[in-house]
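Data block below; observations after.
The values are calculated or read from the model by the stated rules, or taken from the named source; none is laboratory data. In this text, all values refer to a predicted model and were calculated from it rather than measured experimentally. We place every Cβ from the backbone using ideal geometry, glycine too, and count neighbours over all the protein chains shown.
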Amino acid sequence: MNKPLTVIERIVIPHTAFADAQRQIEQCFTFSAGQGAQGLAIVGESGTGKTSLLESFESKHEPIRRDDGMDVPVLRATVPSGPTVKSLAGKLLEALGAPDPERGTENEKSRRLRVLMKKSGTRMVMIDEFQHFYDRGKRQIMHNVADWLKVLIDDTGTTLVVAGLRSCRNVIDGNEQLARRFLAPIQLPRFSWTDVGQRSQFICILKAFHHEIAKQIEVPALHSEQMAFRFYCSTGGLIGYLANLLKQTLRNADVEGRKVIRLDDLAAAHIESVWSSEYISALPNPFERSFRLVESVDLLERVGKIGALAETAPVYLPRSVRGRVRESIDSLLVRS
């Protein structure tokens, strides 16, 4: 059963929005040599494929070992929760393969990171979970970390790509110097069942999954119109949720030693794998045999809220305070 389980992890289906985003990132990377200091933001709800997009691009530009060290054209790291300059610098050093990435003060880490990036020929920095720069609890932006990142990108002449929830735009909008470096954001939307083109792409993704899974286990035609509607109502059109549902289905079959997946098995996996917030009116299990295959407006509206996160507006620091923060960061970097 190993192969059907792992195929859910490794299969990448470049639907239109995904392929367009790949093309734009590749274009930024191509023109980054000798120019740098550009920015690109990948924005979308959780489960729309932002992390998969970054991983897919990074895999096409993997590190290369040279006689004098490693060449790391793309440096990717995930922002830790409640980031500080020190913690983010440590994550980037770790991604570069630096020994003891947590060693040193903030200034020492910053200096070390800049030197290693230049030696490694880094041309693009990818930051995932960029919304962590925005503290939802305090409803404010961590300007000192954002300013530090801006200075790092300027000093190394690299291109910056960030990915995150919609609130990550607050970070860019709240930093004028950072915002000037960014191109128009790339949206990775959830699939819509009422949009014929998007529905067709969603069904094609199910067909690709079915093609791989059916090689080793008997499974219903996941891409039939009726089954596709059940999957859509289960996941809200989010590919991350779809992957979780299929992985749970296959795990259950593996544990129970089954070589067949039926509708009841999908119903059980749906209960175990799909998160539905309490503020959404009770949704039926779309894999129950009693589920009515009717595309009502009410049902689709509720399904569209699966995985949604209530966003709050940012609280910006006064310009005078932000100015003092920038001055203190700049002075530290000058002394480093």
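Overview of values
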{"quantity": "Filter result for S46 (part of a helix (DSSP H, G or I), farther than 27 Å from E108 by Cβ, assigned by TED's automatic domain parsing to the domain that holds M117 and not acidic (D, E))", "calculated": "no"}
{"quantity": "Any hit, the stretch 133-140, residues being over 23 Å from the mean Cα position of the chain (by Cα) and of a type in the set (D, E, K, R)", "calculated": "yes"}
{"quantity": "Filter pass, G44 being touching a residue at least 60 places away in the same chain (Cβ under 8 Å) and more than 20 Å from N175 (Cα to Cα)", "calculated": "yes"}
{"quantity": "Verdict on S192 being among the small types (G, A, S), touching a Pro at 6+ places or on another chain (Cβ under 7 Å) and closer than 30 Å to F287 by Cα", "calculated": "no"}
{"quantity": "Qualifying helices (runs of 4 or more DSSP H) (wholly inside the stretch 106-200; at least 1 residues being crowded, with 22+ Cβ neighbours inside 10 Å)", "calculated": "106-119, 143-156, 168-173"}
{"quantity": "Of all residues making up the stretch 60-95, the number that are surrounded by 14 or more Cβ atoms within 10 Å (Cβ to Cβ), in contact with a Lys or Arg (Cβ under 8 Å, 6 or more places away or on another chain) and in a loop (DSSP other than H, G, I, E, B)", "calculated": "2"}
{"quantity": "Sole residue being modelled with pLDDT of 85 or more and closer than 21 Å to F191 by Cα, chosen from V260, V294, V274", "calculated": "V294"}
{"quantity": "Positions within the stretch 166-189 being of a type in the set (K, R) and farther than 17 Å from I25 by Cβ, in sequence order", "calculated": "R166, R169, R180"}
